1. Inside segment B:57-84, can you point out the residues that are part of a helix (DSSP H, G or I), within 12 Å of chain A (Cβ to nearest Cβ) and at pLDDT below 95?
2. Does A:LEU784 fit the bill of being of a type in the set (A, V, I, L, M, F, W, C) and more than 14 Å from chain B (Cβ to nearest Cβ)?
3. Could you look through segment A:434-486, keep only residues that are of a type in the set (A, V, I, L, M, F, W, C) and farther than 25 Å from A:PHE498 by Cα, and pick out the one that is surrounded by the most Cβ atoms within 10 Å (Cβ to Cβ)?
4. Which residues, counting only those in segment B:129-185, are more than 30 Å from B:GLU38 (Cα to Cα), within 12 Å of chain A (Cβ to nearest Cβ) and in contact (Cβ under 8 Å) with a residue 40 or more places away in the chain?
5. In segment A:531-562, how many residues are surrounded by fewer than 18 Cβ atoms within 10 Å (Cβ to Cβ), in a strand (DSSP E or B) and within 12 Å of another protein chain (Cβ to nearest Cβ)?
6. Counting residues that are among the hydrophobic types (A, V, I, L, M, F, W, C), which strands (runs of 3 or more DSSP E) fully inside segment A:936-1003 reach at least 2?
7. Out of A:ASP468, A:ASP489, A:ASP494, A:ASP483, which single residue is touching a His at 6+ places or on another chain (Cβ under 9 Å) and farther than 30 Å from A:ASP578 by Cα?
8. Please count how many residues of segment A:524-543 are charged (D, E, K, R) and modelled with pLDDT under 95.
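The values are calculated or read from the model by the stated rules, or taken from the named source; none is laboratory data. This structure is a prediction, so every number in the text was calculated from the model and none was measured. Neighbour counts are summed over all protein chains in view; Cβ atoms, including those assigned to glycine, are modelled from backbone coordinates with ideal geometry.
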Amino acid sequence: MKFYLIVLSLLAVCLWGTGNVRAQSASRSMTVTGKVVDQNGAAVTGASVVVAGTTKGTTTGADGAFSLTGVAADARLTVNFIGYKTQTVEIGGRTSFNIVLVEEATAVDEVVVVGYGQVKKSDLTGSVASVKAEKLTDIPANSIDGLLQGRVAGVQVVNSSQDPGASSTVRIRGNSSLNGSNAPLVVIDGFPWGDAGDLKQINPQDIVSMEVLKDASASAIYGSRGANGVILITTRKAQENVTRITLRQQTTVSGFSSELNLWRDPVLMAMLSNESSINAGLTPTYIGATNANGVYYPSIAELQTTWTTNTRWDDLVFRSTPVSNNTTVQVQSSNDRTMFQASANYYLDNGMYIEDTYRKYGGNFSVEHKLLDNLRMKASANITSNKRHNNGGLAYWRNPIFPVYDDEGDYWLYGAQDYSHPLALTDLQKNDSKGLDIISFASVNWDVLPCLNVMAQFNYKHGEQITDKYFPKKYSERGVFNDGYGSIDNWKDDNIVFEAYATFDRTFAEKHRLTVMGGYSYENYQSRSSSLAAKGFINESLGNENLAAGDSETYSIGNSFYKTELVSALTRINYTFDNRFLFTFTARADGSSKFGSNNKWAFFPSGAFSWKMHEERFIRNLNVFDVLKIRASYGISGNQGISAYQTLSRYGQHKYFNGGKWVTAIGPGYQSGTTGQDGIYALWSGIPNKGLKWETTAQVDLGLDMSFFGNRLNVTFDWYDKRTSDLLRERNIAPSSGYDKMWVNDGEIRNRGIELTIDGVAFQNRDWRVGGTFVFSRNRNKVLSLGNAVQTGLKTDLRTGMQYEYYGNQSEQFRAYTNILAVGQPMYVFYGYRTDGIVQSLAEGLSAGLSGDDALPGEFKYVDLYNGDGLETVDENDMCIIGDPNPDWMASLGIDVSWRRFDFSIFFNGVFGNDVLNTKRFDQPSNMPMRWTADNPTNSYPRLNANRQTKLSDWWVEDGSFVRIQTMTLGYSIPFSKKDAARKVRLYVSADNLYTFTGFEGYDPEVGMTGIYSGGYPRLRKWTFGADFTF
Amino acid sequence: MKIKHLILAFGGISLLAACNLDEYPYGFYSEDNFYKTEADAESAVNYIYDAINYIEYSRSIVFLGDMNTDDMEPKGDAAAANKELDGWKINNFRTNTTLGNFYKYSYITINRANAVIKKVPGMNIDEGRRNRFLGEAYFMRAYSYFNLARNFGCVPVHTTPVETLEDTAVPAAESLDAMWKLVIEDFKTAGTLLPFFAAPETGRADRAAAYGMLAKAYLYIASAKEHGVPQYAAMSHDVDEYYAEAVKYAGLVVDNPEQTVFRFDDNLLDIYDVERPAGPEHIFIMSMDRTGESEGQYSKISKMYLPYVSGATIYLKQGDSDEMVPTHDGWGEYRTALSFYDAFAAGDRRHDWLIVDKVYDAAGNVVASTADGKLSYPFCRKFIDPNFAGDKTSTRPYLLRYSDVALTYAEAAGPTAKAYELVNFIRNRAGLGDLEPGLDKKTFRERVMDERRFELAFEGNRCYDLRRWNRLHTDIAEAKGQGLTAEQMVFYPIPSVESDLNPNL
C-alpha cells in the first residue's frame, strides 16, 4: 500500500515540477543553441544543460552541441558533466553560447558508483573507497581482486598461493562468519556476481574502477549478502565520439625471490639422518646396506668418497625463468547515437613447475545505443575460456642421492610405494581443467521525466568446467591403490538476475534535494555437476579418455544439482538540506529459497547522516579546510551462510550387502561429517530446522573526511564496530535422537577497528608531479559467543576457564588441531604448549614435569602451566594460547612521481603483528645442523629424533610481520603529433614483489587466514615489460 | 509498526512477481519422496540393519562383551576408551567414547526402525512383505533396546521417529520393569509378524531370531533376579515363570519341527568359515563383504583379533589337517588373556583349533609362534578371511548363533533330557565327552555357564553372562582390585553427551 502511495506522490511531484516550468516560460521564450567544450577545446559529449530552477534540459550531442527551445530570456543555464565543475551561464537575451567546462581540480567530486545508482563523492554518507583500475594493471593478473592488496584501508587481501591461476583471499573489516563465506560480494556493473577472490572471468584491463562498500549504510542495500562488504566493479565502456584502438602487451619473467632451502651436501644430510635415527633407537639409514624395499643407501664414508649421484631435483622440477604473457586489444568507436567497444585478451601464466600452465582467452563486447534522446539501451557480453594444465606440487625436495633413471632408463623408484618421482608424474599423470564463462548484460535506461529515471537490467551468467584426471598404475599413490584411476568431472552453473529500479531526483525550493530509489530484483541460480571415475585399467595408454575400459565393477558415478532463488525489494532515500546536511536511508527485503520455511523473508535497513561542515561559514572562515565532513551510519546486513536444501529433512543412503549383492538402503539420517582421530567416526544429521536464517551483522561507522591546501591533501578516517550474530553453527543434540548435529543460528563475533587514508600531491609543477597515498587499518576481531557451551560442545581451558572449540583440520605433524575459536579471543588463535628452551639434562627434564622420552636432554622443554589438577606434569591441561594469526595492523604507502614523460611509482605494503605457525621451522637443511647435541647444548633447537611425537608449541610460532616492496614501475610515454597514426605509446617495466623485509624464517610469511605456513616454494619475483599503444 | 508496513509493502510487490520460494529436495531422499513402493520399504529395512555395521558399533560388541572381562586384554597402546573399559575405570565411563558410540548407534538403529514402524503400515503393498518388514523393524528396535538395557539400564524411550528438535529429548523409562517390558513386547511383536526363513538370509532376521532373542531376554532378567543382581532383584517378574518363558521361546527355535533352517553345524570349523555366512548356526549375523567401498560395508574385524606379524600374508593350519589357509595379520587389539587360554579343558578343539599359537608361511614353515615370542599372544581365529583384499574382509560379527539359543534353552530349563542333549552336542563337537549326568539344577546351570564361556568366547557374550549372574565384581580382577561393588558395575552410566543435552533426564 505504502509503496503505491510513494509512487503516486513521486509522480505528483514531477508533474508539479513541469507545471512550474510552464509558469515561468510564460514571460518571453526563445531558442538557445551552443557548444560545450573542455579546456583543450574538445567537445564534451553528454553534458547536461538545464534551465536553472526548472526541470527543462537536454544533454549535449557528440559534437558538444545543444539546443533548447522555449527558454525564458532572463533564465540561467546550468551545465553539468561528471568530472567537471558545474557552470552557470546567464542567458541575458543571447541565443548562442560557447561554454568551457573546467576540470574538477581534485578527486573530491568524482562520481562513485554505489549499489543501484551513483553519487558524487562529496555527497557520500557511507564508507566507500574508490580505486581506479589503471593504477593496478601494470602488473598482469588473472583476477583484479588480488591487486587490491594494500590499496584500500580495511581491505585485507592474502595471495598465499603462487600457482598459475591461483585465487586470493579477500576480507573487508575482518572475518565474521564461521561456516558461511567471509568473502565480500562482488558486483560487476550492477550484476551480483558472487564471492571475491577469484574473478578470473573479467580481464583487469577491462575494468575502469572498483568501489569498496565497507559500512552498513553502503552495503545494506545488498541485504542478505552485504555483511562482508561489497566490491562494485565498473567495466570499460565506450565513450561518445571517440574512436580508439589500444594494444597492451605485457611480458613477464618470473623467478624465486629467495634461495631454495635444499640439501646440497648429501654427506651432511646423511650424517644428520643417521644421528636422528640413532637418537631414536632406530637403525640408521646410511650404513651402506640395502633396506627392506631393496634400496641401497650408501654409508657416510662412501658418500664422502666414491658416491657420485647428487641429483639437483629442483633443476629438473622448476623452470629456470618462466615467461608469461598478457595481451589485450581494445577497440572503441562511436557516433552520436551508438557506441561500441570490443576487447580481446590472451593471458598465459607459466608456473615455476615444469609444464604447469594456465591459459585464458577472453573477449568482451559492449554496445550502447540511444533509441531516443531519453532512452538508452546497452548490451554486453563477456566470454572467457580458461585452460589449466596442473603439474604443481612436484617433489623438488627429493633425496639428492636418488638417481633420476635406473639402468634400463626407466624412472628410478625407491620402492613400490614411491609416489613422488617428479618426472614420472609429469610424464604420466594428468590433471587438466577447462572452463568457459559467459557473462552477459542487457539494460534499458529511460529518463521518463527529467527527475525520474527508470533502469531495468537483465544479466545472465553461465559457467562451466570440466576436469580430466588420470593417475597411473605405477608412480602415483591413487593409481597404485586402484590399479590406475581416471576421472572426469563436469560442472556448470547458470545465474539469471533481473533488476529494475526507478530513481527520482529533484531539488525543492533550492535547498531541499531529495533522491528516492526504489527497485526490485529477482535472482535464480542453478548449478549441476556430474562425475565419472573408473579404476583398474588393463592398458593405460588412453589415460581417462575411455573410462569404460576400466573395471566395470568399480565404476563410480555421482551427480548433483543446486538451486536457489532470491527475490528482493529495495529502496534508498537521500535527502540533502542546503548541501550541508545529508541523510541516507536504505532498506532491502530479501526472500530466499535457502532460508527455513519459517523465516523466508529478511529485512535489512540502514541509516546514515553526514554534515558537510566546510559549507558552514564558521569553518570556511578558518581558511584551513577545503573539505571537512563528518559521517555516521548504522545498519544491518546479512550473510546467507546457509546452503540450499540445508533446512529440509534429509534421508541418507548407504550400500548394504543383502542377498549376495549390494543394495541401496535408504532412511532417516544422513552422514554429514566425521569425527574422532583421523575422522573414523561418522556424524549424523537430517532433522530440518525450519527456522534457520541468515547471519545478521549490525555495524556502526563514524567517519571524517578532510581536505587541505586546495584539495591537495585528503584525509579519510573511519571507526567502526561490527557485530555479527546468529552465526550459522551446528549444535549437538542428544544422541538418543539418533542424530548428532543440527544447524542453528547461535553465537556472535565482533570486528572493531579504525581506518585511515591519506593521499595527496606533495609537489606539482610543469615538469614534476609527486604524489602519494598512505593507507592504515587496524581491525580487532573477537569471538563474543559460541552459543550454549553444552549444546555446542565447547571445551574448557581449566587454567583460565576459557571456552573454546577446535577449528579446521588436525595437523598430521603435531597430531593436534592447531587453531581454535575461543570465547573472548580473536578467531583462529593457536592453541598449544609453551616452551622454555631445550631440556639440558634428564634431571632438568624430570623436574620440569616431563616424563618418558620427553624428559631427555635435547627435547623441547614444555612448560607445566597448570597445577590445578594436582599433577606436576606436563599434560594437555597445560596448553594455552600461543599465537594469533590476525594482524595487529596493516599499512601501505604508494608514491607516484612523474617527470615530463617519465612516470615512476613504488608501492610498499606491510602487515604487522600477525603470528605464523611455521611448521617447517626445524626440518630444514638450513636449521637441522644447528640441532642440540651434547657438544652444542643450545636452547634454540632440539636434538634430532626420528621418533619424536612433537607437540604443538610456541617454538613453532613466529612473528609474520613484513613490509614488501610490492610493486615498482618505471614508465616512459612517447608523444605523437596529430599526424601520426599512433596517439600515445607508453613503455614500462614493473617489478612485483621486489623485496620483502621480514624476520620470518620460512620462504614467505604471507599465508592464509589461519596463519599456517607449510612450506611450498619461495615467493616469486616478477618482472614485467609492458607496452601500451593507443591509435 | 512502520517497518512492518514497509516489509509488507515490499513483500507484496515481490509476491506480485509470483515467485515461490519453497524448496524441493533434489538428489536426495526425504520423507516427501520416499515410502512409495515395496522396494522403498525393503530399502528402509536394510537401512536399519546397516546402522550396526558401522565400526562404532561393530567393534564395540567385543569391547563391551569381552574386553571388559578377564578373558581378553587390550594392546599396550590401545585407545584410552578401551583401556578404561578393560580396567573398569568407572569414573571415566560417562565420557567413554566407546560407550558413547555404542549408545549412539543403538539409537540410530532405533530411529530408523521407528520410521519403518510409522510409515510402512500405511503402505499399499503385499501384506506378507509388509508384515515381514514391520517385524524386522520391531526386531531391530527390540535388539537395540535389549542391548541398551543390559548395558545402561533405564534409557530414553523413543517409539516414534525423531522429526523435530522438540522430539530429540525424551525421558528415560521409569523403571527397569518398563524398560524390559518394551524389549519383550517388541520381540514378541516381531516374532508374530516375521516368518521363519526358508533359507538363511545373511544380515536379516526372521522369527527364529526374534524368539531366540526373546528367550535370551527372559533368561537375562530371570537369572539376574535369581542371582540378586542389584536393581534386577527388585523387579516384579516371577523368576521361574520367566525361566519357563525362556524355555518356551528358545524351544520354538531348538525344539520346533516348523523351524528347520537353523540347527547345529556338525563341523566346528565350518561355523567360522567366512564363505558360509548362511550356515545353519547363524540365526543372526552381520552382513559385510570385502567388495564394499568403506569400512562397515567391508570388515576389518579380522585385523582386531589378529596380531601383527610382519605385514606379509600368514598361513594357519585348518584344525588337525595339513590344509593351510592364508590371512593378513592384524593390529592386535583384541588379545586373548593367557589365563583364559589355559582354562580350556585338555583336548578342547575350541582351544586347539580356534586359538592359534603358530603361524606359517606358504611353504609351511613356522614364521612366528607364541613359543618363539614372535606372536605376542595366542589369537582367536574365528574371524579370518582367506580371500581378504588388502585390509578388506568379509568377516562378520556373529550376533546370534544356534548354539547360543541352545545354551539359553539348557540354562533356563535346567537338567532336562533335551538340555543335556543340546549341551552334549556342543561338547562333543568340540572334542569333549558328555557332561556328567544327573546334575542338580544349580550345578547344571553353572556347567552351562562354563560351556557358554568356551563356546561363545570372543563373540561378545561373556560380560553379560557374568553380569546377570552377579559375578562382575567377583570374577574380574581389575574390578576386584579396586574394590568395586555390584551396584557400581551393574550398569554403565548414561553417557554425559546424553545427560548434558537431554533436559528430560
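1. Within segment B:57-84, B:ALA80, B:ALA81 meet the criteria.
2. Here the answer is yes, as A:LEU784 does meet what is asked.
3. The selected residue is A:PHE471.
4. Selection gives B:LEU148, B:PHE152, B:VAL155, B:PRO156, B:ALA169, B:VAL170, B:PRO171, B:ALA172.
5. Adding up the residues that qualify gives 6.
6. Fully inside segment A:936-1003 and qualifying: A:962-975, A:984-998.
7. None of the others qualify; the one that does is A:ASP494.
8. Looking only at that region, the number is 2.
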